[in-house]
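Quick note: the coordinates plus some simple rules give every number you see, no bench work behind them. Nothing here was measured: the structure is a model prediction, and the numbers come from that model. Neighbour counts are summed over all protein chains in view; Cβ atoms, including those assigned to glycine, are modelled from backbone coordinates with ideal geometry.
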Amino acid sequence: MSWNSLARSPRLMANMACCLLVGAWAPAHAVVDALVQESAALVQANQPAKAFELLSAREVERAGDPDFDLALGIAANQSGEFTRAIFALERVLAVQPDNTRAKAELARALFSVGDTRNARTLFEQSRAQGVPVEVGSVIDQFLQAIEKVDAEGRSSWRGQFDLGLGRDTNVTGGPSNGLVAVPAFGGIVVSLNPGAVERADSYFSANLGLSGRYVMDDPRWSLIGNGNLGLRSYLDVGGFDSQQINISGGVAYRVERHELSAVLQLEDYDVNGNTARRQSGLVGEWLYRFDAFRQFGSYLQYSQLTYPGQSTRDTDRTVLGASYAHLWRSGLLAYGGLYLGQEAAQTAGQDFQGHELSGFRLGVQQPMSADLSLFAALAYERRRFDGQNPLFLVTRRDRQTNVNLGLNWVVAKAWRLTPQVALTRSSSNISLNDYKRTVYSVNLRHDF
């Protein structure tokens, strides 16, 4: 699911609908003291955070009082504190098992943390016990949203096709200066091949992607896979047309808010019709969904990188990383991640080909309307190589920064136009690896 579609997901729509629940349904029990009465007034005034703070301060001494716990559960739900809401509302139902308001609120909290099975049961029980017409309508919206969420957990597949036009200011990824001093040759200045020096050109790109999930007899287990084919062709500069194929497949295990997966990944990268690099390996990942708006993930990746015809460059790559994403009710999405790892040379005496690496990624996306959103992303990676470069007689150090800015515009159902600019700055103590690059592009994508 894309970040843009996530912002319009059934979970988000259902949580927006639940705001009607507070005003539409009068409390099932009489307000018994000033504290509960004040918190109810704050919730009605759209200040649930203040109500939650007020009630939280008294939870230790008042926990077990069903009127207090119900008020706390409602305020917690409205404030996005769904775990706290679950604890409070379960205390209400332990004392008052037929409290329909507590059941509906608990169902909402369970829905928000991803427990759709128990949420469905409680919503249906609340409706069966009899509720006002307007409240029944809100519960129906939740049940419809649960149906959509459950559908996402069934076997499915999806695809996308993308066409793009762009302008690349540094097709070769090389330095701007074609003259380089080589210390190993006594500091002699050599002239680089034109194919290794910065050159600009326009290009055409095309990408096709497919992904799928097959849910097994035990719905906690599923087979997952995806594939992608990407092509880029330059108009004038020869020798840099590329083709990239990525295929991955494995198993996933879902239980409550956790999802574990193990995936085999294969990649083939060709330049000008010849294989430039192959990568194969395994990725293990753990995702934890706090609720419908927050997600944490971690992963461990191991892969082998091989360069046909240049076996001294072959390395073993290991990376450990973690990420976090947060979706606000306004639709603003922010995410970030950290990672570290190493590439170890496979050939003895070629340590300078391997390196240690660390970096981070940050990004935001802000919807401007139902069809338009802006996005920005920042990535930084630091690489420290393992041995002295035999030509430049120094241990290589790289620092690379990437910035992406653009917008997504849904021009028609399942069609999205994305103009963007991507800037790369690679700073290195070896001049061959020190360069700047800017890519301007417009892509039209169709999801099917």
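Hey, got a sec? Which chymotrypsin sites (Phe, Trp or Tyr not before Pro) in the range 250-358 land in a DSSP loop and have at most 16 other Cβ atoms within 10 Å?
Trp328
For the range 374-399 and the range 47-93, what is the separation of their Cα centres, given in Å?
Rounded to whole Å, the Cα centres lie 51 Å apart.
Taking 8 Å as the Cα distance limit and 6 or more residues as the minimum spacing, I'd like the relative contact order of the chain as a percentage. Don't skip to the answer; put the middle values down first.
Numbers: 1040 pairs, mean separation 46.8, N = 448.
Relative contact order of the chain: 10 percent.
For the chain, what number results from the quotient of the Cα radius of gyration and 2.2 N^0.38 Å?
1.23
How are the Cα pair distances of the range 291-342 distributed, in percent, across 5 Å bins from 0?
5, 17, 18, 13, 13, 11, 9, 7, 5, 3, 1
Considering only Gly173, Gly336, Gly187, give the residue with the highest GNM mean-square fluctuation for the chain, with springs between Cα atoms whenever their separation is below 10 Å.
Gly187
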